[in-house]
């Protein structure tokens, strides 16, 4: 069974967990709602200890019920509370109706939502309009309520999920508030961690509602959150008699004339995560310059695929694509690399060439960003972002191997294991060369004997964490080479670090 802290679910699995909680463990819907509302209020109190007034936007479903419970706790604690009803409270059922009635009995001020209503400058806005069951575009009234929330300029606290976000895909269904924080219940929702949803979630916390650990053994999560500590055993300290031959040899194939930097960044990244040797096969016009720039690298100018033979003979993994281009020279080197039995890490123009002539292999790692993923599937980039989990599964089915779908909430998928998701990284990493660095990181880990799937997961995690460390000096203006010292630090991580 996966850790509750790393398991990621879609709506169907959450509903099944709720059903089992009631049927097998006797935990009623009312109990779960009371725990959810109390947990939400407790978090609000810790996150905004100086808040004195709140407005709670409550929908007409169970998410609204959570909001009513929170409002009641806030009222009892002495906060100034106003409830804004979005939708007909007559539609509330059972547990949510009980929570609504408790607020009525406590005489907490409440009124139906109106666009021109005066919210009296609250310290916090609580979004409890729509929960994880949302499947269709929002009603006009809900869109108007979300816009009203945003205009208040007060921090927005979302209960379970920001209203308007599809819990399974992260799609925005018409509108969504930009929450400062979100508390989600029972388990992490995929739509909060990838796709567009990640931009609306803010600080994310998960509360299991005190459900028994045994419950979670009955339902398989849809994905797992990858953590560095899960793969720390691969980063064990080396023995005193270690030599470079034990750490593997990476061959980088790339660097069309004018694009040497991509191959250079991939190569240094492979060294920084511990590869013993790194060679670059590049355009003849680059070899001497690259040797001067980074003397630890071995750089070879190649004109034809035949010149790759001695380099491939010494390598145990090939990274192909960084700066490769799509010329006749590029295509010839790409085709030759694909004939090899060595594992491949394919990025950038390697992926573009693959899209033109699809093939299936098991011993490669494909690392597309949404645009490249679109070309691999003949889809547009916006379409790719609508359901990233479905997209990575489609790429894996068509091309095999291990697939890394890059972007906010990167996904990793290999055969016979559930998808993995990395929730690290930041917008500062949206700059040239970051993908080249990632391909080098993964190649460097494979060179050290780490299986392809685990190398991809560990590599994505290290890359994202290095980006977060580099971003402490500011996200804007961050460049790919800024990650290098942090990759070295993370490569020396142990479970005791």
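Has segment 168-177 got at least one residue that is out of contact with any helix residue (DSSP H, G or I) (no Cβ under 9 Å at 6 or more places or on another chain) and either modelled with pLDDT under 95 or in a helix (DSSP H, G or I) (or both)? So far as segment 168-177 goes, no, none of its residues is out of contact with any helix residue (DSSP H, G or I) (no Cβ under 9 Å at 6 or more places or on another chain) and either modelled with pLDDT under 95 or in a helix (DSSP H, G or I) (or both). Looking at segment 376-392, which of the residues that are surrounded by fewer than 18 Cβ atoms within 10 Å (Cβ to Cβ) and within 18 Å of the chain's Cα centre (by Cα) is nearest to residue 322 (Cα to Cα)? The residue in question is 381.
Do we find that residue 404 is buried (at least 17 other Cβ atoms within 10 Å of the Cβ) and under 17 Å from residue 230 (Cβ atoms) in this structure? Judged against the criteria, residue 404 is a match.
Looking for whichever is surrounded by fewer than 20 Cβ atoms within 10 Å (Cβ to Cβ), closer than 14 Å to residue 157 by Cα and touching a residue at least 24 places away in the same chain (Cβ under 8 Å) here; the options are 123, 127. Which one fits?
On the way: 127 fails: surrounded by fewer than 20 Cβ atoms within 10 Å (Cβ to Cβ).
None of the other options fit; the residue is 123.
Going by what's in this entry, would residue 447 be described as crowded, with 24+ Cβ neighbours inside 10 Å, farther than 21 Å from residue 204 by Cα and either at pLDDT 95 or above or in contact with a strand residue (DSSP E or B) (Cβ under 8 Å, 6 or more places away or on another chain) (or both)? The answer is yes for residue 447.
For segment 414-438, the set of residues classified as buried (at least 24 other Cβ atoms within 10 Å of the Cβ) and under 14 Å from the mean Cα position of the chain (by Cα) consists of 420, 421, 422, 425, 429, listed by residue number.
Scanning segment 228-271 for residues being under 30 Å from residue 330 (Cα atoms) and either free of Cβ contacts under 8 Å to residues at least 24 places away in the same chain or surrounded by 19 or more Cβ atoms within 10 Å (Cβ to Cβ) (or both) gives a total of 24. Filtered by the rule that a residue be free of Cβ contacts under 8 Å to residues at least 60 places away in the same chain and assigned to a strand (DSSP E or B), segment 178-195 gives 182, 184. For segment 433-442, check the following and say yes or no: at least one residue is free of Cβ contacts under 8 Å to residues at least 24 places away in the same chain and not assigned by TED's automatic domain parsing to the domain that holds residue 205. There is no residue in segment 433-442 that is free of Cβ contacts under 8 Å to residues at least 24 places away in the same chain and not assigned by TED's automatic domain parsing to the domain that holds residue 205.
Here residue 78 meets the list (1) in contact (Cβ under 8 Å) with a residue 12 or more places away in the chain; (2) over 26 Å from residue 143 (Cβ atoms); (3) surrounded by fewer than 16 Cβ atoms within 10 Å (Cβ to Cβ) almost entirely, failing just condition (1). Only helices (runs of 4 or more DSSP H) whose full extent lies in segment 378-479 are considered here, and the ones with at least 3 residues that are under 17 Å from residue 232 (Cα atoms) are 434-447, 452-470. Name the single residue that is farthest from residue 450 (Cα to Cα) among those in segment 277-305 being assigned to a helix (DSSP H, G or I) and touching a residue at least 24 places away in the same chain (Cβ under 8 Å). Here the residue is 289.
The rows are residues; the columns are (1) more than 20 Å from residue 366 (Cα to Cα); (2) crowded, with 23+ Cβ neighbours inside 10 Å; (3) at pLDDT 95 or above; (4) not assigned by TED's automatic domain parsing to the domain that holds residue 406.
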position: 295; (1), (2), (3), (4): yes, no, no, no
position: 299; (1), (2), (3), (4): yes, yes, yes, no
position: 317; (1), (2), (3), (4): no, yes, yes, no
position: 320; (1), (2), (3), (4): no, yes, yes, no
position: 346; (1), (2), (3), (4): no, yes, yes, no
position: 352; (1), (2), (3), (4): no, no, yes, no
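For segment 305-314, the count of residues that are touching a helix residue (DSSP H, G or I) at 6+ places or on another chain (Cβ under 7 Å) and over 22 Å from residue 441 (Cβ atoms) is at least one.
When residues in segment 361-375 are screened for being over 20 Å from residue 430 (Cα atoms) and either outside the structural domain of residue 430 (by TED's automatic domain parsing) or crowded, with 22+ Cβ neighbours inside 10 Å (or both), 2 of them pass.
The values are calculated or read from the model by the stated rules, or taken from the named source; none is laboratory data. Everything numeric here is computed off the predicted structure, so don't read it as measured data. So basically every Cβ, Gly included, is an ideal-geometry build from the backbone, and we count neighbours across all protein chains shown.
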